1. Among the listed residues E128, E68, E139, which satisfies the condition of being open to solvent by less than 60 Å² (accessible area, probe 1.4 Å) and part of a loop (DSSP other than H, G, I, E, B)?
2. Starting from residues that are assigned to a loop (DSSP other than H, G, I, E, B) and closer than 13 Å to R131 by Cα, keep the ones in region 175-205 and report whichever is least open to solvent (accessible area, probe 1.4 Å).
3. Within region 33-43, work out how many residues are open to solvent by 20 Å² or more (accessible area, probe 1.4 Å) and under 19 Å from V90 (Cβ atoms).
4. Considering A8, A30, A24, which residue is over 23 Å from C125 (Cβ atoms), open to solvent by less than 30 Å² (accessible area, probe 1.4 Å) and outside any loop (DSSP other than H, G, I, E, B)?
5. Quick check, is E96 assigned to a helix (DSSP H, G or I), within 30 Å of Q81 (Cβ to Cβ) and of a type in the set (D, E, K, R)?
6. Residue by residue through region 225-239, note down the ones that are open to solvent by 10 Å² or more (accessible area, probe 1.4 Å) and in contact with a Lys or Arg (Cβ under 9 Å, 6 or more places away or on another chain).
7. Checking G119 against (1) assigned to a helix (DSSP H, G or I); (2) away from the ligand (no atom under 15 Å from the Cβ); (3) closer than 22 Å to G230 by Cβ, which single condition isn't satisfied?
8. Which condition number does P165 fail, the rest of (1) within 11 Å of the ligand (Cβ to nearest atom); (2) more than 21 Å from L5 (Cβ to Cβ); (3) in contact with a Lys or Arg (Cβ under 7 Å, 6 or more places away or on another chain) being met?
Amino acid sequence: MYKPLIIANWKMNPAVAQEASELALQTEKAAAANPGVETVIAPPFPFLHVVHSSINTVKLGAQNAFWEDVGPFTGEVSWRQLNDTGVSHVIVGHSERRMYLHESDEMVHKKLRAVLGNGMYAVLCIGERQREGNEIPAEAGEQLRGGLQGIKKSLLAKLVVAYEPVWAISTNSGARPDTPENAFQAMMYIRKILTTMHDRKTADSVRIIYGGSVNAKNISLFLKDGGMQGALVGSASLQPKEFQEIIRLAGQVRL
Ligand code: PGA
């Protein structure tokens, strides 16, 4: 139905534009060799132009967007400015923004409304901060409902939900990847909430991807056994060889 979606979340890396351009060129090579995979790079804002000019097959993403289009919002960058720069995918509500910038479900909701309402793809990040055993990730469920409440179902065709258990994000202390079994359970839970909020058809049209310590060793497992339709990749997306391998392996999976 869908191509696997692999998104590079570079976070606040690399340090200089030259490195960003080289990294983008390496990723472009792998993406061009694997047309069965939809690849997106989300660089820091100052590198959007240099990345854009280094890619062709790869799509341009942003790590955040403000909900107004223009105006007196010092330090913010709007969905419209990003759109004009060539951005098609916007990551919304990443756990690092929720944690360090106190982004609330209400803010996430406004961003989703702006991004989806203006024809861009939104990658809504949800994930529980802690988990005991294999319990249902209820906190992720609340973030999903909080972000999406009141958004028209016709807009959900361009929604991607990234399930990222916070404790599994590689740079958080004691991080370990989730198991594909837990990821599968989370995926079913997310689909069930979407079905309850709307209907089965709408729920099935939303892509659900996994994030948290994804690498070349576990990508195939998350796609096959985890039932995920792609991955949001942090640290490994900054290592050209590793990320090229992730794209190649994703290309071998039939979703
Ligand atoms: P990670 O980051 O792949 O380094 O765990 C994922 C993310 O935070 O999006």
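1. Numbers: E68 fails: open to solvent by less than 60 Å² (accessible area, probe 1.4 Å); E139 fails: part of a loop (DSSP other than H, G, I, E, B).
Going through E128, E68, E139 in turn, just one is open to solvent by less than 60 Å² (accessible area, probe 1.4 Å) and part of a loop (DSSP other than H, G, I, E, B): E128.
2. Our first condition is that a residue be assigned to a loop (DSSP other than H, G, I, E, B); within region 175-205, this holds for 175-179, 198-199.
When the remaining residues are screened for being closer than 13 Å to R131 by Cα, the result is 175-179.
On the way: A175: 36, R176: 123, P177: 63, D178: 8, T179: 61 Å².
That would be D178.
3. So the first thing to find is which residues in region 33-43 are open to solvent by 20 Å² or more (accessible area, probe 1.4 Å), and the list is 33-36, 38.
Restricting the remaining residues to those that are under 19 Å from V90 (Cβ atoms) gives 38.
Qualifying residue count for the region: 1.
4. Working: A8 fails: over 23 Å from C125 (Cβ atoms); A24 fails: over 23 Å from C125 (Cβ atoms).
From the options A8, A30, A24, the qualifying one is A30.
5. Values: assigned to a helix (DSSP H, G or I): yes; within 30 Å of Q81 (Cβ to Cβ): yes; of a type in the set (D, E, K, R): yes.
It is true that E96 is assigned to a helix (DSSP H, G or I), within 30 Å of Q81 (Cβ to Cβ) and of a type in the set (D, E, K, R).
6. Q229, G234, S235, L238
7. (1)
8. (2)
The values are calculated or read from the model by the stated rules, or taken from the named source; none is laboratory data. Please read these numbers as outputs of a predicted model, since none were measured by experiment. Methodologically, a virtual Cβ is constructed for each residue, glycine included, from the backbone with ideal geometry; neighbour enumeration extends over all protein chains shown. Quick note on the areas: whole protein, heavy atoms, side chains included, nothing else; ligands and nucleic acids left out. Shrake-Rupley method; radii C 1.70, N 1.55, O 1.52, S 1.80 Å.
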